[in-house]
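Q: If you scroll down you'll find the structure; I have some questions about it.
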Amino acid sequence: MGMTLSEKIIARASGAQSVKAGDIVWADVDMAMMDDILGPRVEIAERMVELGAEVWNPDKVVIISDHYTPPANAKQAAIVKFTRDWAQAHGVENYYEYIGPCHQIMVEKGHVLPGSVVMGTDSHTCMGGALGAFSSGIGSTEMVGILVNGQIWLRVPETIRVIWEGNFGEGVMAKDLSLATIGKIGHAGATYKTVEYTGSTIDGLNMDERFCITNMAVEMGAKAGLMNTDAVTDAFFAGMGKGPFERLASDGDAVFCETLRFDATALGPKVSCPHEVDNVLDIGDAGKGIRVDQAYLGSCTGGRYTDLSMAAKLIKGKKVKHGRRLLVSPASKNIWEQAAKAGILKTLSEAGAVIMAPTCGVCVGLHSGILADGEVCVSSTNRNFVGRMGSKKAFTYLGSPLTVAAAAIAGELVDPREFF
Amino acid sequence: MQNMRKGDAYIFGDNINTDIISPPQYMELSAAEAAKYAMSAIDTEFASTVKPGDIIVAGNNFGSGSSRELAPLSLRHLQIGAMVAKTFARIFYRNAINLGLAVVECADTDKIKQGDAINIDFAAGTLYNETRNETYPCSKLPSHILALVQEGGLIEHLKKQRGKNNLPSPEARD
């Protein structure tokens, strides 16, 4: 019997010829990632001392200060300092700070390889699955276990296969596909499972767009969001002088617990309405004319080059509505520089956007763009939970970078296709 | 701890996510300080009124969202006795057990009201509502997980193991 992509990766990592969904195995971890907010400072540093344990292999550990950079106050600064010092004291040379959200840095720096097992103390670690890695979020105590002996126990997940066929129409992006899938499966519909995205639509997407989709697998409760590797994956790694790697995909006779089919040609812009990610509506049904105070373009979900470039295309020559604000945080320093070189940041800035540092701060309401009581934000990020982006009396709609750009210009929730 | 735990119910609904349990704005505080803001987005009274030993009773998908261990850690600081929900989100569920918090699933949480005295038998997989004299089935904690919870979580468990030299040190594995 064939194996799913998850089963293949976990079999290799656990030293087994084959595994099947439901098996519980010990798997070797290829890369362990921590950030600042959920890094060594939370139940990790102290516990390592209590256990008298050392990091099993510092070369397989990556630490990224991204949530509290740039720090908004002395407490945040102290956390970044602690994280930096801890990395240095434990011989972790893969330490990065101030250059963007961890998930983007992980893929950009080549720390997520096809077929590898990656565990991180941040739930959106599932993004790495777009490169054919089994990449998943875990808590701090589990990270202590990995840091001590390099292994984690895993229950091999069942796989929901999500097949998207056809090309997007104008004004539609990968984010819309991601939201449509989440709306269908629901916030807990994939709990403990892998969601594997496949089909001609996925094949036709670049890596920026693919990352946007797997990033949000956890919003359905999923343990992992996976994609096959192909020529697009190879090209991504060739750009950093790595690979080519063996092509990875589920076997033709693999067992899926569920298969869902979607038609991308019929897909329009979607938004997740407050305060749940799976509260997904067609933008036209979400309440046309809802006043938008803040439009946010950024994060590990929606701040990559393709996102900025599409938003700039819509915005070029127009102005952000008076009294509204468009905040832009490229998903990494590298993307910042590429977008600057291509004139994208200039276009956005000339329209009235504020170009900010690459950071997680806005998405999770820590600094740089916190919402006041009653304010409404349209955001290219991944969560719209009550209180997340600031006041618990604020409202966040999740949408594509085009939807964000359109809202900034119109000052209200509007179908971005009206601008084409 | 025995296989039973008794406490008063503190009721929540569906989809109580980690941004609600441990609001990100307070995460720069120590876990003990941050715990004072637990659930504040939907219930500003929670942290000041919940009593040690109270049992959280919730609907579907409790603990969805972030992997942050500050969510169950806040509840541990508030000395929650146990958590019962129709379903739990994956990462939260594992984090809670790793911190020594007992978590069981029960389809009948709608029948439990605020303040009901409830008594969970983890080994038998039953939840007795003393206030209403009703018994509902709930998930059992397997004996090794119950042992983990009784020891106070994974770290305490590992300490004991390492004390006995059961866990190889990194050097010994090379």
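Quick note: the coordinates plus some simple rules give every number you see, no bench work behind them. This is a predicted model, so every value here is computed, not measured. Don't worry about glycine lacking a Cβ; one is built from the backbone with ideal geometry, like all the others, and counts go over all protein chains shown.
Q: Under the Cβ-under-4.7 Å rule, which cysteines of the protein assembly as shown stay unpaired?
A: So far as the 4.7 Å Cβ criterion goes, A:102, A:126, A:212, A:257, A:273, A:300, A:360, A:363, A:377 stand without a partner in the protein assembly as shown.
Q: A follow-up question, please. Average projected area of the Cα convex hull of the stretch A:1-126, in nm²?
A: Mean orientational projected area (the stretch A:1-126, Cα hull): 8.7 nm².
Q: Right, here's the next one. Defining a contact as two alpha carbons under 8 Å apart and six or more residues distant in sequence, what relative contact order in percent does chain B show?
A: Once divided by the residue count of chain B, the mean separation gives 22 percent.
Q: Considering only the other residues whose Cβ falls under 10 Å of the Cβ of residue B:53, what net charge follows from Lys and Arg at +1 and Asp and Glu at -1?
A: The answer is +1.
Q: Report, ordered by chain and residue number, the aspartates and glutamates lying within cross-link reach of residue A:81, taken as a straight Cα distance under 20 Å and ignoring same-chain residues fewer than 8 apart.
A: Counting by Cα, and skipping residues close in sequence, residue A:81 has these aspartates and glutamates nearby: A:35, A:36, A:43, A:46, A:66, A:93, A:97, A:122, B:28.
Q: I'd like the FRET efficiency for residue A:89 and residue A:261, computed as 1/(1 + (r/R0)^6) with the beta carbon distance as r and R0 of 60 Å, rounded to 0.05.
A: 0.70
Q: Sort largest first and round to whole Å: the equivalent ellipsoid semi-axes of the protein assembly as shown, each the square root of five times a Cα gyration tensor eigenvalue.
A: Equivalent ellipsoid of the protein assembly as shown: 36, 28, 24 Å, largest first.
Q: When only C-alpha pairs under 8 Å and at least 6 residues apart count, what is the relative contact order of chain A, in percent?
A: 18 percent
Q: What's the FRET efficiency of residue A:285 with residue A:49 using the Cβ-Cβ distance as r and R₀ = 51 Å, to the nearest 0.05?
A: Calculated value: 0.40.
Q: Which FRET efficiency value, to the nearest 0.05, do you get for residue A:234 and residue A:200 by plugging their Cβ-Cβ distance into 1/(1 + (r/R0)^6) with R0 = 25 Å?
A: 0.85
Q: Run the dipole for the protein assembly as shown about the Cα centre, Lys and Arg Cβ at +1, Asp and Glu Cβ at -1, nothing else charged, and hand back the magnitude in debye, nearest 20.
A: The calculated dipole for the protein assembly as shown is roughly 700 debye.
Q: Run the numbers for residue A:322 and residue A:247: contour at 0.36 nm per residue of separation, minus the present Cα-Cα distance, in nm.
A: That pair, residue A:322 and residue A:247, stretches by 22.0 nm at full extension.
Q: Can you pick out the pairs among A:184/A:223; A:175/A:223; A:184/A:288; A:8/A:175; B:51/B:86; A:8/A:193 whose Cα atoms lie more than 24 Å from each other?
A: Listed pairs above 24 Å: A:8/A:175.
Q: Add -39500 (n - 2.57) for each DSSP H run of 4 or more in chain A, then divide by its residues: what number comes out at 222 nm, to the nearest 500 deg cm²/dmol?
A: Helices in chain A give a 222 nm mean residue ellipticity of -8000 deg cm²/dmol.
Q: Counting other C-beta atoms within 10 Å, which of B:44, A:4 has the fewest, and how do the rest follow?
A: Final ranking by Cβ density, sparse to dense: B:44, A:4.
Q: Based on the Kirkwood radius over alpha-carbon pairs, what value in µm²/s does the Stokes-Einstein equation return for the translational diffusion coefficient of the stretch A:221-264 at 4 °C and 1.567 mPa s?
A: Answer, rounded: 99 µm²/s.
Q: From the phi of every residue in the stretch A:92-102, what ³J(HN,Hα) in whole Hz does the Karplus formula 6.51 cos²θ - 1.76 cosθ + 1.60 yield, where θ is phi - 60° and glycine or proline is x?
A: With coefficients 6.51, -1.76 and 1.60, one gets 8, 7, 7, 10, 10, 8, 6, 9, x, x, 3 Hz.
Q: Quick one, can you get me the convex hull of the C-alpha atoms of the stretch A:164-275 expressed as volume per residue in Å³?
A: Dividing the Cα hull volume of the stretch A:164-275 by its residues yields 118 Å³.
Q: Just from its helices, what would the mean residue ellipticity at 222 nm be for chain B, if runs of 4 or more DSSP H residues each count -39500 (n - 2.57) and the sum is divided by every residue, rounded to the nearest 500 deg cm²/dmol?
A: -7000 deg cm²/dmol
Q: Collect residues whose amide H, placed 1.01 Å from N in the peptide plane, falls under 5 Å from the amide H of residue A:359; neighbours closer than 5 in sequence don't count.
A: For residue A:359, whose amide H was placed from the backbone, the distant partners under 5 Å are A:299.
Q: Taking the alpha-carbon centroid of each part, what is the distance from the stretch A:176-240 to the stretch B:44-111 in angstrom?
A: Each part's Cα centre sits 30 Å from the other's.
Q: Could I ask something else about it? In a shell of Cβ-Cβ distance under 13 Å around residue A:410, excluding residue A:410 itself, what net charge do Lys and Arg (+1) and Asp and Glu (-1) give?
A: Around residue A:410, the charge tally is +3.
Q: Among rounded, prolate and oblate, which fits chain B when a ≥ b ≥ c are the square roots of the eigenvalues of its C-alpha gyration tensor, a/c under 1.5 means rounded, and a/b larger than b/c means prolate?
A: oblate
Q: Could you give the length gained by full extension between residue A:313 and residue A:393, i.e. 0.36 nm per residue of separation minus their alpha carbon distance, to one decimal place?
A: Here the answer is 25.5 nm.
Q: From largest to smallest, what semi-axes in whole angstrom does the stretch A:5-263 give when each is the square root of 5 times an eigenvalue of its alpha carbon gyration tensor?
A: 30, 21, 17
Q: When the Kirkwood hydrodynamic radius is evaluated over all pairs of different C-alpha atoms of the stretch A:273-419, what value in angstrom, to one decimal, is obtained?
A: 14.6 Å is the Kirkwood radius here.
Q: At 7 Å along the Cα-to-beta-carbon direction for both residue A:340 and residue A:1, put a label point, then send me their distance in nm to one decimal.
A: Here the modelled spin labels are 5.5 nm apart.
Q: Moving on. How much net charge surrounds residue B:129 when only the other residues with a Cβ under 15 Å from the Cβ of residue B:129 are counted, with Lys and Arg +1 and Asp and Glu -1?
A: Result for the local shell: -3.
Q: With a point put 7 Å past each Cα toward its Cβ, work out how far residue B:113 is from residue A:75 in nm, to one decimal.
A: Each label point lies 7 Å from its Cα, and together they span 3.9 nm.
Q: Of A:92, A:404, A:292, A:328, how do they rank once you tally other Cβ atoms within 10 Å and put the fewest first?
A: A:92, A:292, A:328, A:404
Q: Sticking with the crude label model, points 7 Å out along Cα→Cβ, report the distance from residue A:20 to residue A:57 in nm, one decimal please.
A: If labels sit at residue A:20 and residue A:57, their model points lie 3.0 nm apart.
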